[in-house]
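Below is one structure, written out as structure tokens; the observations come after it.
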Amino acid sequence: MAEEAKKLAAYAAVDNHVQNNQAVGVGSGSTIVYAARQLILQHGLSLSDLDRHPELDVAIDGADEVDARLTLIKGGGGCLTQEKIVAGCAKQFVVIADFRKDSKVLGQQWKKGVPIEVIPMAHVPVSRTIVRRFGGVANLRMAVSKAGPVVTDNCNFILDWKFDGAQDWTEVNTAIKMIPGVVETGLFVGMADRAYFGMEDGSVQVRDPTVE
């Protein structure tokens, strides 16, 4: 059910946002497989990088959770920094997800916390600083199939910060990024332009950011 929902959302996003001769950025989440596969197979696209295409027309990626304002938690798979770079290079950032990722407020569905990529030598002081300033618990993410911590594509560690209650995500994101040793957060605040949710009944719901 969820896999079919992901596929429907991905197809809708591609149909509505991707046009000929555009530079398209894709992320690395499980949902994005459907969008990327459809694009590459149907159109014989060539893969490039940000050195050659530093400005993208559109970026499409999944999310671990999406709130009513299209604030995202990403990084469950560990690629938050590279995914945020791609999203930040795009004129338009579109999110595709299934119904399980849809929340009114962050933390409602996603219980594993906000991923934060950190320089390895700084993970203890960063963890202590986050907990002291914002509460909750910040745990070093450990590998499942091998010993030791998860190591990102950038050779860093990941803290998963399980926060308490509602937060001002703009303020929190900025404050955490200013802590020495933090590379990037899995909070995508004010970045997503539209989200497509594949629903259980086979429909696709579209959400734009709410303006308060």
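Odds and ends about this structure:
- Output for the range 46-68, where each listed residue is of a type in the set (A, V, I, L, M, F, W, C), in contact (Cβ under 8 Å) with a residue 12 or more places away in the chain and closer than 17 Å to residue 28 by Cα: 50, 56, 58, 59, 60, 63, 66
- In the range 192-204, the residue that is farthest from residue 97 (Cα to Cα) out of those that are open to solvent by 50 Å² or more (accessible area, probe 1.4 Å) and under 17 Å from the mean Cα position of the chain (by Cα) is 193.
- If you filter the range 22-64 down to residues that are at pLDDT below 75 and not hydrophobic (A, V, I, L, M, F, W, C), you find that the one that is nearest to the chain's Cα centre (by Cα) is 29.
- Candidates are the residues of the range 19-35 that are of a type in the set (A, V, I, L, M, F, W, C) and crowded, with 19+ Cβ neighbours inside 10 Å; the one that is farthest from residue 6 (Cα to Cα) is 24.
- Any hit, the range 76-91, residues being surrounded by 15 or more Cβ atoms within 10 Å (Cβ to Cβ) and touching a His at 6+ places or on another chain (Cβ under 6 Å): no
- Residue within the range 172-190 that is among the acidic types (Asp, Glu) and surrounded by 21 or more Cβ atoms within 10 Å (Cβ to Cβ) present: yes
- Answer from 192, 138, 147, 166 - the residue that is at pLDDT 95 or above, part of a loop (DSSP other than H, G, I, E, B) and over 14 Å from residue 119 (Cα atoms): 192
- Cβ pairs under 6 Å, 6+ apart, first in the range 134-162 and at positive phi, second of a type in the set (D, E, K, R) and assigned to a loop (DSSP other than H, G, I, E, B): 135/164; 136/164
- Test: residue 57 is of a type in the set (D, E, K, R), farther than 27 Å from residue 172 by Cβ and touching a strand residue (DSSP E or B) at 6+ places or on another chain (Cβ under 7 Å): yes
The rows are residues; the columns are (1) open to solvent by less than 30 Å² (accessible area, probe 1.4 Å); (2) more than 19 Å from the chain's Cα centre (by Cα).
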residue: 119; (1), (2): no, yes
residue: 125; (1), (2): no, yes
residue: 132; (1), (2): no, yes
residue: 138; (1), (2): yes, no
residue: 142; (1), (2): no, yes
residue: 159; (1), (2): yes, no
residue: 162; (1), (2): no, no
residue: 169; (1), (2): yes, no
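The values are calculated or read from the model by the stated rules, or taken from the named source; none is laboratory data. Just so you know, these numbers come straight off a predicted model, no measurement behind them. Cβ coordinates were reconstructed from backbone atoms using ideal geometry, including for glycine residues, and neighbour counts include every protein chain displayed. These accessible areas exclude ligands, DNA and RNA; they are computed on the full protein's heavy atoms, side chains included. Shrake-Rupley method; radii C 1.70, N 1.55, O 1.52, S 1.80 Å.
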